[in-house]
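The values are calculated or read from the model by the stated rules, or taken from the named source; none is laboratory data. Bear in mind the structure is a predicted one, so any value in this text is a computation, not a measurement. Don't worry about glycine lacking a Cβ; one is built from the backbone with ideal geometry, like all the others, and counts go over all protein chains shown.
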Amino acid sequence: MSFDLERLRASLLPEPQSEHFVQEEGGAELPLTPAAVLFPIVLRDGSQTVLLTQRTAHLRDHAGQISFPGGRVEVEDISPSHTALRETEEEIGLLRERIEIIGYLPEYRTGTGFRVTPVVALVRPPFELQADPFEVAEVFEVPLSFLLDPANHQRHSMHYRGALRNYFAMPYGEYFIWGATAGMIRSLTERLGLLQGA
(Lines give C-alpha, C1' and ligand atoms only; values in the text may rest on other atoms or scores of the structure.)
Protein backbone atom coordinates (compact mmCIF):
# COMPACT_ATOMS: atom_id res chain seq x y z
CA MET A 1 0.00 0.00 0.00
CA SER A 2 1.37 3.41 -0.96
CA PHE A 3 0.63 6.18 1.48
CA ASP A 4 -0.47 9.74 0.69
CA LEU A 5 2.61 11.75 1.63
CA GLU A 6 0.85 15.10 1.25
CA ARG A 7 -1.76 14.00 3.77
CA LEU A 8 1.05 12.94 6.05
CA ARG A 9 2.77 16.32 5.77
CA ALA A 10 -0.49 18.15 6.44
CA SER A 11 -1.12 16.14 9.63
CA LEU A 12 2.16 17.17 11.27
CA LEU A 13 3.11 20.19 13.35
CA PRO A 14 5.38 22.60 11.42
CA GLU A 15 7.47 23.31 14.53
CA PRO A 16 8.05 21.52 17.85
CA GLN A 17 5.40 22.54 20.41
CA SER A 18 5.77 21.62 24.06
CA GLU A 19 2.32 22.98 24.94
CA HIS A 20 0.78 20.14 22.92
CA PHE A 21 1.87 16.85 24.44
CA VAL A 22 0.91 13.24 25.04
CA GLN A 23 1.34 12.07 28.64
CA GLU A 24 1.99 8.43 29.48
CA GLU A 25 0.37 7.08 32.61
CA GLY A 26 2.46 7.46 35.73
CA GLY A 27 4.78 10.19 34.52
CA ALA A 28 2.90 13.37 35.35
CA GLU A 29 4.81 14.10 38.56
CA LEU A 30 8.31 13.22 37.35
CA PRO A 31 11.06 15.74 36.48
CA LEU A 32 11.47 15.59 32.71
CA THR A 33 14.67 15.17 30.70
CA PRO A 34 14.42 16.65 27.17
CA ALA A 35 15.03 14.23 24.31
CA ALA A 36 14.23 13.83 20.62
CA VAL A 37 13.81 10.90 18.25
CA LEU A 38 13.67 10.54 14.51
CA PHE A 39 10.50 8.91 13.12
CA PRO A 40 12.13 7.74 9.87
CA ILE A 41 9.79 6.79 7.03
CA VAL A 42 11.73 5.02 4.29
CA LEU A 43 10.46 5.57 0.74
CA ARG A 44 10.67 2.09 -0.74
CA ASP A 45 9.40 1.32 -4.25
CA GLY A 46 5.62 1.55 -4.13
CA SER A 47 5.39 1.60 -0.35
CA GLN A 48 6.88 3.04 2.82
CA THR A 49 8.50 1.44 5.83
CA VAL A 50 9.52 2.72 9.25
CA LEU A 51 13.11 2.25 10.39
CA LEU A 52 13.34 1.00 13.98
CA THR A 53 16.08 -0.18 16.29
CA GLN A 54 16.30 -2.73 19.05
CA ARG A 55 18.30 -1.38 21.96
CA THR A 56 21.02 -3.52 23.52
CA ALA A 57 20.17 -5.36 26.72
CA HIS A 58 22.68 -3.60 29.00
CA LEU A 59 21.56 0.03 28.55
CA ARG A 60 20.35 1.97 31.58
CA ASP A 61 17.19 3.33 29.93
CA HIS A 62 14.72 1.11 28.02
CA ALA A 63 17.16 -1.79 27.60
CA GLY A 64 16.18 -4.30 24.93
CA GLN A 65 13.19 -2.29 23.75
CA ILE A 66 12.21 -1.37 20.20
CA SER A 67 12.79 2.33 19.65
CA PHE A 68 13.23 5.11 17.16
CA PRO A 69 16.80 6.36 16.80
CA GLY A 70 17.31 9.28 19.17
CA GLY A 71 18.24 10.28 22.66
CA ARG A 72 18.58 13.02 25.21
CA VAL A 73 19.32 16.61 24.25
CA GLU A 74 22.98 17.60 24.64
CA VAL A 75 24.31 21.09 25.37
CA GLU A 76 25.50 21.61 21.79
CA ASP A 77 22.12 20.73 20.25
CA ILE A 78 20.39 23.83 18.90
CA SER A 79 17.00 22.18 18.27
CA PRO A 80 15.10 18.89 18.63
CA SER A 81 15.78 18.15 14.95
CA HIS A 82 19.51 18.63 15.57
CA THR A 83 19.32 16.14 18.46
CA ALA A 84 17.39 13.61 16.37
CA LEU A 85 19.75 13.85 13.38
CA ARG A 86 22.88 13.69 15.55
CA GLU A 87 21.64 10.70 17.53
CA THR A 88 20.50 8.90 14.37
CA GLU A 89 23.92 9.30 12.79
CA GLU A 90 25.66 8.17 16.00
CA GLU A 91 23.38 5.18 16.61
CA ILE A 92 22.85 3.73 13.13
CA GLY A 93 25.13 5.67 10.79
CA LEU A 94 22.30 7.13 8.71
CA LEU A 95 23.62 10.32 7.12
CA ARG A 96 21.48 13.44 7.28
CA GLU A 97 21.89 13.93 3.52
CA ARG A 98 19.42 11.04 3.07
CA ILE A 99 16.89 12.56 5.50
CA GLU A 100 14.16 15.15 4.81
CA ILE A 101 12.41 16.43 7.93
CA ILE A 102 8.73 17.04 7.16
CA GLY A 103 7.27 17.95 10.56
CA TYR A 104 6.78 17.06 14.19
CA LEU A 105 4.41 15.14 16.41
CA PRO A 106 3.27 16.52 19.78
CA GLU A 107 5.82 16.16 22.55
CA TYR A 108 5.62 12.72 24.15
CA ARG A 109 6.10 12.58 27.93
CA THR A 110 7.09 9.14 29.13
CA GLY A 111 6.35 7.39 32.37
CA THR A 112 10.12 7.15 32.88
CA GLY A 113 10.76 10.90 32.96
CA PHE A 114 11.56 11.97 29.40
CA ARG A 115 9.86 14.62 27.28
CA VAL A 116 10.49 13.50 23.74
CA THR A 117 10.05 15.51 20.55
CA PRO A 118 9.25 13.12 17.66
CA VAL A 119 10.81 14.46 14.44
CA VAL A 120 9.11 12.91 11.41
CA ALA A 121 11.27 12.51 8.33
CA LEU A 122 11.43 10.86 4.93
CA VAL A 123 14.46 8.71 4.20
CA ARG A 124 15.45 8.17 0.59
CA PRO A 125 17.34 5.01 -0.42
CA PRO A 126 19.97 4.00 -1.17
CA PHE A 127 21.70 4.31 2.18
CA GLU A 128 24.11 2.30 4.26
CA LEU A 129 23.74 1.78 8.00
CA GLN A 130 26.43 1.21 10.60
CA ALA A 131 24.87 0.42 13.97
CA ASP A 132 26.69 1.37 17.14
CA PRO A 133 27.12 -2.05 18.80
CA PHE A 134 27.05 -0.52 22.29
CA GLU A 135 23.56 0.96 21.88
CA VAL A 136 21.89 -0.89 19.01
CA ALA A 137 21.41 -4.65 18.80
CA GLU A 138 19.52 -4.57 15.48
CA VAL A 139 18.06 -2.23 12.87
CA PHE A 140 14.96 -3.32 10.96
CA GLU A 141 12.01 -1.97 8.96
CA VAL A 142 8.27 -2.41 9.43
CA PRO A 143 5.65 -1.45 6.80
CA LEU A 144 4.13 1.95 7.62
CA SER A 145 0.70 0.64 6.62
CA PHE A 146 0.96 -2.07 9.31
CA LEU A 147 1.89 0.40 12.03
CA LEU A 148 -0.88 2.87 11.13
CA ASP A 149 -3.63 0.20 11.04
CA PRO A 150 -5.59 0.47 14.32
CA ALA A 151 -6.40 -3.24 14.02
CA ASN A 152 -2.74 -3.89 14.88
CA HIS A 153 -2.81 -1.69 18.02
CA GLN A 154 -3.25 -3.96 21.03
CA ARG A 155 -4.10 -2.76 24.53
CA HIS A 156 -1.93 -4.15 27.32
CA SER A 157 -1.39 -3.43 31.00
CA MET A 158 1.37 -4.01 33.54
CA HIS A 159 2.16 -3.21 37.15
CA TYR A 160 4.82 -0.50 37.34
CA ARG A 161 5.84 1.52 40.39
CA GLY A 162 2.97 0.16 42.42
CA ALA A 163 0.17 0.90 39.95
CA LEU A 164 -1.50 -0.72 36.97
CA ARG A 165 -0.42 1.06 33.77
CA ASN A 166 -2.11 0.72 30.39
CA TYR A 167 -0.20 0.93 27.12
CA PHE A 168 -0.42 0.05 23.43
CA ALA A 169 1.67 -2.54 21.61
CA MET A 170 2.05 -3.45 17.94
CA PRO A 171 3.61 -6.93 17.71
CA TYR A 172 5.25 -7.51 14.33
CA GLY A 173 6.76 -10.96 13.78
CA GLU A 174 9.39 -11.45 16.47
CA TYR A 175 9.33 -7.77 17.44
CA PHE A 176 7.19 -6.42 20.29
CA ILE A 177 6.77 -2.70 19.63
CA TRP A 178 5.39 -1.01 22.74
CA GLY A 179 5.88 1.82 25.21
CA ALA A 180 6.86 5.26 23.95
CA THR A 181 7.57 4.01 20.42
CA ALA A 182 4.07 2.55 20.07
CA GLY A 183 2.65 5.68 21.72
CA MET A 184 4.25 7.94 19.11
CA ILE A 185 3.02 5.72 16.28
CA ARG A 186 -0.43 5.89 17.85
CA SER A 187 -0.10 9.69 17.98
CA LEU A 188 0.56 9.83 14.22
CA THR A 189 -2.33 7.45 13.57
CA GLU A 190 -4.62 9.76 15.52
CA ARG A 191 -3.43 12.93 13.72
CA LEU A 192 -4.12 11.20 10.39
CA GLY A 193 -7.70 10.57 11.48
CA LEU A 194 -7.33 6.80 11.25
CA LEU A 195 -8.68 6.02 14.74
CA GLN A 196 -12.26 7.03 13.99
CA GLY A 197 -14.40 3.98 14.46
CA ALA A 198 -11.41 1.92 15.56
Report task. Filter the range 82-106 down to residues that are without any contact (Cβ under 8 Å) to a residue 60 or more places away in the chain and under 28 Å from residue 29 (Cα atoms), then give me how many there are. Result -> 4
Report task. Exactly one condition in (1) surrounded by fewer than 20 Cβ atoms within 10 Å (Cβ to Cβ); (2) of a type in the set (A, V, I, L, M); (3) touching a Lys or Arg at 6+ places or on another chain (Cβ under 7 Å) is not met by residue 123; state its number. Result -> (1)
Report summary line: Reported set for the range 12-47 where residues are assigned to a strand (DSSP E or B) and within 16 Å of residue 184 (Cβ to Cβ) is 13, 21, 22, 23, 34, 35, 36, 37, 38, 39, 40, 41
Report task. Output the residues belonging to the range 54-103 that are at pLDDT 95 or above, polar (S, T, N, Q) and either surrounded by fewer than 20 Cβ atoms within 10 Å (Cβ to Cβ) or assigned to a loop (DSSP other than H, G, I, E, B) (or both). Result -> 79
Requested in this report: Starting from residues that are under 16 Å from the mean Cα position of the chain (by Cα) and part of a strand (DSSP E or B), keep the ones in the range 127-145 and report whichever is farthest from residue 194 (Cα to Cα).
Outcome: 136
Requested in this report: Evaluate the following for residue 189: is it part of a helix (DSSP H, G or I) and hydroxyl-bearing (Ser, Thr, Tyr)?
Outcome: yes
Report summary line: Counting only residues that are modelled with pLDDT of 95 or more and not polar (S, T, N, Q), the range 132-165 contains a total of 13
Report summary line: The condition from (1) free of Cβ contacts under 8 Å to residues at least 12 places away in the same chain; (2) buried (at least 18 other Cβ atoms within 10 Å of the Cβ) that residue 109 misses is numbered (1)
Query raised in the report: Any residue at all in the range 90-102 that is in contact with a strand residue (DSSP E or B) (Cβ under 6 Å, 6 or more places away or on another chain) and of a type in the set (Gly, Ala, Ser)?
Result: no
Query raised in the report: Is it the case that some residue within the range 148-157 is part of a helix (DSSP H, G or I) and either among the hydrophobic types (A, V, I, L, M, F, W, C) or closer than 19 Å to residue 20 by Cα (or both)?
Result: yes
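Quick grid of which residues meet (1) surrounded by fewer than 17 Cβ atoms within 10 Å (Cβ to Cβ); (2) farther than 19 Å from residue 20 by Cα; (3) of a type in the set (Asp, Glu); (4) touching a strand residue (DSSP E or B) at 6+ places or on another chain (Cβ under 9 Å):
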{"residue": "127", "(1), (2), (3), (4)": "yes, yes, no, yes"}
{"residue": "136", "(1), (2), (3), (4)": "no, yes, no, yes"}
{"residue": "171", "(1), (2), (3), (4)": "yes, yes, no, yes"}
{"residue": "175", "(1), (2), (3), (4)": "yes, yes, no, yes"}
{"residue": "182", "(1), (2), (3), (4)": "no, no, no, yes"}
**Report entry** Meets criteria (surrounded by fewer than 19 Cβ atoms within 10 Å (Cβ to Cβ), more than 17 Å from residue 68 (Cα to Cα) and aliphatic (A, V, I, L, M)) for residue 192
**Finding:** yes
